[in-house]
1. If residue 7 meets every condition in (1) out of contact with any Ser or Thr (no Cβ under 6 Å at 6 or more places or on another chain); (2) modelled with pLDDT of 95 or more apart from one, which number is that one?
2. With respect to residue 26, determine if the residue is touching a Phe, Trp or Tyr at 6+ places or on another chain (Cβ under 8 Å) and part of a helix (DSSP H, G or I).
3. Is there a residue in region 26-33 that is surrounded by fewer than 16 Cβ atoms within 10 Å (Cβ to Cβ) and over 29 Å from residue 114 (Cβ atoms)?
4. Which of the residues belonging to region 109-150 are of a type in the set (Lys, Arg) and farther than 27 Å from residue 171 by Cα?
5. Can you list the helices (runs of 4 or more DSSP H) found entirely within region 142-241 that contain at least 2 residues being modelled with pLDDT of 95 or more, among the acidic types (Asp, Glu) and surrounded by fewer than 17 Cβ atoms within 10 Å (Cβ to Cβ)?
6. Being in contact with a helix residue (DSSP H, G or I) (Cβ under 6 Å, 6 or more places away or on another chain), more than 24 Å from residue 165 (Cα to Cα) and either in contact (Cβ under 8 Å) with a residue 60 or more places away in the chain or among the charged types (D, E, K, R) (or both), is that true of even one residue in region 98-121?
Amino acid sequence: MQEIRKTFHQELDELRDDLIRLAGMVTEALAAGTDALLASDLQAAERPINGDDEIDELALEVEERCFRLLALQNPLASDLRQVIAAIRMASEIERSGDLVTNTMKAARRLYGTPLDPRLRGLIERMSDHVHRLFRLAIDAYADRNEGLAAALDDMDDDVDELHADYIRTIFEVYEGGNAPLQVAVQLALVGRYYERIGDHAVNIGERVRYMVTGWLPEHTGAARLAAKRAAHIDDVEELEE
């Protein structure tokens, strides 16, 4: 039995390593994709698009490994949470890779369109913030750092603020129809893709907190609803007295 558990924990370590590798592929694609977008380099933009198949393949391998562990090892307590968290995290990371691909497709549509310096600066800052947020989310996972994982939500506020500034700047730059509507739409989508990658990083942090402590954001909502129901019952009982 002890040997079986040893093998099981070796498989968990391999699972963790694969998730970290998967996240590394996405962060590399994100950085390279931003460079391609700002340089208007079509050839460079193709590389993250082509590389997305490898991200999808590894994400599927991680999920399949998780399902095998659940079926064959019957993990309990913290081990079970680790496997369940890995399933959800693989999905969050894979979707982030899809968003990088979407950004590169937008870059192709924007090819030949000069970018206003203000927009270029905001794109670069959003990319830097999101890249850091995503990397910290994976660091929290690798180190089982619940405190860092919990801090990601507040850190994402910076990304949201940059995204809001970016959208306002698009309106300012293209006010009065200074460019085709399609250009403004594609630029707005680019900002949305970066903002969504930040959200996925926060979601990864929530899964880390679940893995370490058993906490989920849904628990807060459930507790709030239970308190409201209890207060309502108290009010009804007071009226009946």
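1. Here residue 7 clears every test but (2).
2. On the way: touching a Phe, Trp or Tyr at 6+ places or on another chain (Cβ under 8 Å): yes; part of a helix (DSSP H, G or I): yes.
Against the criterion (touching a Phe, Trp or Tyr at 6+ places or on another chain (Cβ under 8 Å) and part of a helix (DSSP H, G or I)), residue 26 qualifies.
3. No, region 26-33 contains no residue that is surrounded by fewer than 16 Cβ atoms within 10 Å (Cβ to Cβ) and over 29 Å from residue 114 (Cβ atoms).
4. Across region 109-150, the qualifying residues are 132, 135, 144.
5. Correct list: 146-173.
6. No, region 98-121 has no match at all.
Here is a yes/no grid of residues against (1) within 19 Å of the chain's Cα centre (by Cα); (2) outside any loop (DSSP other than H, G, I, E, B); (3) farther than 22 Å from residue 159 by Cβ; (4) not hydroxyl-bearing (Ser, Thr, Tyr):
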site: 71; (1), (2), (3), (4): no, yes, yes, yes
site: 107; (1), (2), (3), (4): no, yes, no, yes
site: 114; (1), (2), (3), (4): no, no, yes, yes
site: 122; (1), (2), (3), (4): no, yes, no, yes
site: 130; (1), (2), (3), (4): yes, yes, no, yes
site: 134; (1), (2), (3), (4): yes, yes, no, yes
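The rows are residues; the columns are (1) part of a helix (DSSP H, G or I); (2) surrounded by 14 or more Cβ atoms within 10 Å (Cβ to Cβ); (3) touching a residue at least 12 places away in the same chain (Cβ under 8 Å); (4) within 17 Å of the chain's Cα centre (by Cα).
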| site | (1), (2), (3), (4) |
| --- | --- |
| 17 | yes, no, no, no |
| 38 | yes, yes, yes, no |
| 58 | yes, yes, yes, yes |
| 68 | yes, no, no, no |
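The values are calculated or read from the model by the stated rules, or taken from the named source; none is laboratory data. Since the model is a prediction, treat every value here as computed from it, not as a measurement. Backbone-built Cβ (ideal geometry, glycine too); neighbour counts: all protein chains shown.
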